[in-house]
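Visitor: Handing you a structure now.
The values are calculated or read from the model by the stated rules, or taken from the named source; none is laboratory data. In this text, all values refer to a predicted model and were calculated from it rather than measured experimentally. Neighbour counts run over all protein chains shown; Cβ positions are idealised from the backbone, glycine included. When the accessible area is computed, the model is the full protein with side chains, heavy atoms only, and any ligands, DNA or RNA have been set aside. Shrake-Rupley method; radii C 1.70, N 1.55, O 1.52, S 1.80 Å.
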Amino acid sequence: MRFGSLFFSFALLACLGLAAQEQPPKTADTATTPAAGASQETAAAVTDRIFAQEARLVEDMHHFTPLVETYIQNLKPDPDLVQVPGSDKYFLGRMVLDPKGIKGLAFKDNNKSSFMYQVLDRLNSFYKLTYHHMSFLQMVFLNDRFDKEHYELKYLRRQFLGEVRTLVFDVVPKQTKEGPYFKGRIWVEDQDYNIVRYNGTYGPETSTAFYFHFDSWRINMQPGLWLPAYVYTEESAADYTAFQRITMKGQTRLWAYDLKHSGQQSEFTAMQVESKEQVNDESGRGANEITPVQSQHMWEREAEDNVLDRLERAGVLAPDGDVSKVLQTVVNNLEITNNLTIEPEVRCRILLTTPLESFTIGHTIVLSRGLLDVMPDESTLAMVLAQELGHIALGHRLNTKYAFSDRMLFPDERVFKSIGLLQNDDDERAADLKGLELLEKSPYKDKLNTAGLFLRALEARKHDVSWLISPHFGNRFTRSNLLHLAAINVAPTLETRNIAQLPALPLGSRIKLDPWDDHVEMQKGKSVPLVSARDKMSFEVTPMFPNLVRYNPPTSTEAAAKPGQ
């Protein structure tokens, strides 16, 4: 069974430029469509290549098993903001295509009900109203009858999506009695004629089948290879039955395509073998012998590295990179102003999932992509990092059972269940106090009003976004603690209609994820002035417009600068 609506998109600010419009060709046999360079092809030849490339994509996808994360917000009316999230749903799994169709491998959590985590071919039973009779395959690819016998492509114009020039076609099904069939629009890059975006819905609608609208994007991840990355779905008061209307929006992200190359690995041929002279220490034998305290620290670090490596190989942890360095700078500010000397040194990493959470793995602080996305400023980040640094400063340790390599031998889909990172209540309270102490001596001491405002906004929304605040590993972010209370006490009153007050950002505001190799970087888009209070969209799902670019192989210098390659 194809499962159709794991869905939606990521808010990457993109520049959408329009090229000069052209008149559509008059006939399929004699008209020409501009292609890249000086060559000209008939419209019929271009159409044949588009159909062929889509069929090739389906074949190519059999070689990949990307992670698929879906986050859905059902909307409710609001007197100040028109609509706000009223409830939410979440799913994380791995997509596998085999000769029999789609196989879904759901990631299971310790703190989630088993009902949520059914395999993909049973997900429709969970979503009931939302995704009844829709197939995931139809959201990521056009259906298996996407060919010239079943569809007509009507050329409209050329249009730039980001930096890629595309040809735009309306897709018209020739047969509407048999379903499901796609109806909408496609954007085709003008060199190899890969579909890079499609937008529309499926039909026909019946008393038992209701299809949602979606906007699906693909990214050029390798030479000639455009793979699904984002899908956005939205319905505005759609009639599902005579007694029920649906208003929702949702995002789906796909990543971890190049999973076999994830992790901090180097080529065997790149290993450097030290000479005998380098190995021998001139100061005498025994100078490098390890003391018991050092050996304990090394043992703990080994457990820590084992866990980090396993999370990265499962596709849920980003490789070390530039965003980690941003977090590291804030941690250094806290350490220096508090005269902390911590060995081994504190590190920072990014969990790639949406739910808001932070936790420690030994001396490594981990924040989720979703949490980084919605935090408004550096002082809010400092508040979160200070609490986690408190755990490290107090010596709260990772269970050293993970230093044994056999503990890491489990399927990726059990990574959340097989690795326990929750802190007990006593350690949490102690870390709260220590974090507050660290902040009071830090450069962020007098800047916690925005952090408190962020917490006020999250407290006001927490019952409507229960899945967003349900962590995979860490403790619940909205739990009451002294550090949070201290920040809230200095925060101003939450003013919903005040556009000068921005307590939290929409999802996707900060972090850009490379779906191929899982690296993350900070968004480079310019900030946009808010026109009305509705533009705040705190903690909300939004549409996505990726800045499409053609793949350029990295230079040797760039490749060397990227860890794990």
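Visitor: Taking θ = phi - 60°, what integer Hz values does the Karplus form 6.51 cos²θ - 1.76 cosθ + 1.60 yield along the stretch 356-366, in sequence order, with x for Gly and Pro?
Guide: So the J values, rounded to whole Hz, are 6, 6, 9, 6, 10, 10, x, 9, 10, 8, 10.
Visitor: For GLN191 and ARG429, FRET efficiency with R0 = 51 Å and r from the beta-carbon atoms, rounded to 0.05? Please report the intermediate quantities before stating the final value.
Guide: Details: r = 59 Å, r/R0 = 1.16.
Calculated transfer efficiency: 0.30.
Visitor: Just check the stretch 159-219 against the gyration tensor rule for me: Cα atoms, a ≥ b ≥ c as the square roots of the eigenvalues, rounded for a/c under 1.5, and otherwise prolate or oblate depending on whether a/b exceeds b/c.
Guide: It is prolate, given that a/c is not under 1.5 and a/b is the larger ratio.
Visitor: What's the local net charge at THR233, with K and R +1, D and E -1, over the other residues with C-beta under 13 Å away?
Guide: Summing Lys and Arg as +1 and Asp and Glu as -1 gives 0.
Visitor: Here is a follow-up. Of the peptides 81-91, 60-70, 495-505, 350-360, how do they stack up when ordered by the mean number of other Cβ atoms within 10 Å, highest first?
Guide: Ranking the peptides 81-91, 60-70, 495-505, 350-360 by packing returns 350-360, 60-70, 81-91, 495-505.
Visitor: Give the accessible surface of the stretch 400-543 per residue, rounded to a whole number of Å², with probe radius 1.4 Å and ligands, DNA and RNA excluded.
Guide: Per-residue value: 49 Å².
Visitor: Cross-link partners among aspartates and glutamates for LYS434, C-alpha distance below 13 Å, same-chain residues fewer than 8 apart left out?
Guide: Result set, ordered by chain and number: GLU335, GLU388, ASP426.
Visitor: Can you list the HN-Hα couplings for the stretch 218-230, worked out from phi with the Karplus curve (6.51, -1.76, 1.60; θ = phi - 60°), rounded to whole Hz and with x for Gly and Pro?
Guide: 10, 10, 7, 9, 8, x, x, 10, 9, 10, x, 10, 9
Visitor: Once R0 is set to 30 Å, what does the formula 1/(1 + (r/R0)^6) return for the Cβ-Cβ distance between ASP309 and SER480, expressed as a FRET efficiency to the nearest 0.05?
Guide: 0.30
Visitor: Moving on to the next point. So for SER379, SER418, SER527, what's the accessible-area order with a 1.4 Å probe, most first?
Guide: Greatest to least solvent exposure: SER527, SER418, SER379.
Visitor: If the chain between ASP78 and ASN449 were fully stretched, how many nm would it gain, using 0.36 nm times the residue separation less the Cα-Cα distance? Could you put the intermediate results ahead of the total?
Guide: Details: separation 371, 0.36 × 371 = 133.56 nm, distance 2.58 nm.
Gain on extension, ASP78 to ASN449, equals 131.0 nm.
Visitor: If I stretch the segment between SER527 and VAL549 completely, what's the gain in nm (0.36 nm per residue apart, minus their alpha carbon distance), one decimal? Write down the numbers at each step before the final one.
Guide: Numbers: separation 22, 0.36 × 22 = 7.92 nm, distance 2.12 nm.
5.8 nm is the gain from fully extending SER527 to VAL549.
Visitor: Another question, then. Which order do the peptides 216-223, 304-311, 51-58, 450-457 take when ranked by the mean count of other beta-carbon atoms within 10 Å per residue, highest first?
Guide: The peptides rank, most packed first, as 450-457, 304-311, 216-223, 51-58.
Visitor: Continuing with this model, one more query. Once the piece of chain linking THR493 and GLU302 is laid out straight, how much longer is it, given 0.36 nm per residue of separation minus the C-alpha distance between them?
Guide: Roughly 64.1 nm would be gained on extension.
Visitor: Modelled label-to-label distance, THR291 and ASP48, 7 Å Cα→beta-carbon offset: nm?
Guide: Roughly 7.8 nm, to one decimal.
Visitor: Another one. Where Lys and Arg each count +1 and Asp and Glu each count -1, what net charge lies around VAL346 among other residues with Cβ under 10 Å from its Cβ?
Guide: -3
Visitor: Of THR380, LEU394, VAL366, which is farthest towards the positive pole of the stretch 313-454's charge dipole, taken about the Cα centre with +1 and -1 on the beta-carbons of Lys, Arg and Asp, Glu respectively?
Guide: Of the options given, the answer is VAL366.
Visitor: Let me ask you something else. Say each of GLU343 and ARG414 gets a label point 7 Å from the Cα, pointing the same way as Cα to Cβ; how far apart are those two points in nm?
Guide: Reported label-point gap for GLU343 and ARG414 is 3.9 nm.
Visitor: What shape does the stretch 373-490 take by its C-alpha gyration tensor, where a ≥ b ≥ c are the square roots of the eigenvalues and a/c under 1.5 counts as rounded, a/b above b/c as prolate, and the rest as oblate? Could the numbers behind the result be given before it?
Guide: On the way: a/c = 2.46, a/b = 1.51, b/c = 1.63.
The shape class here is oblate.
Visitor: Please enumerate, by chain and number, the aspartates and glutamates with C-alpha under 18 Å from the C-alpha of LYS401, excluding those fewer than 8 residues away in the same chain.
Guide: GLU300, GLU302, GLU304, ASP305, ASP309
Visitor: Please turn the phi angles of the stretch 452-469 into ³J(HN,Hα) values with the Karplus equation 6.51 cos²θ - 1.76 cosθ + 1.60 (θ = phi - 60°), one per residue in order, whole Hz, x for glycine and proline.
Guide: Result, ordered by residue: x, 5, 4, 5, 4, 5, 5, 4, 5, 9, 4, 6, 9, 10, 4, 6, 5, 9 Hz.
Visitor: Give the long-range amide H neighbours of ARG165: residues separated by 5 or more places, or on another chain, with amide H under 5 Å away, using H modelled in the peptide plane at 1.01 Å from N.
Guide: ASP190
Visitor: Express the carbon and sulfur contribution to the solvent-accessible surface of the stretch 281-407 as a percent, rounded to the nearest whole number, probe 1.4 angstrom. Each step should come with its number before you reach the end.
Guide: Details: 2360 of 5070 Å².
Of all accessible area on the stretch 281-407, carbon and sulfur atoms account for 46 percent.
Visitor: Modelling each spin label as a point 7 Å along the Cα-to-Cβ direction, I'd like the LYS154/LYS441 distance in nm, to one decimal.
Guide: Roughly 7.1 nm, to one decimal.
Visitor: List the residues, sorted by chain then number, that are 5 or more residues from ARG349 or on another chain and whose placed amide H is less than 5 Å from its amide H.
Guide: Answer set, sorted by chain and number: ILE365, VAL366, LEU367.
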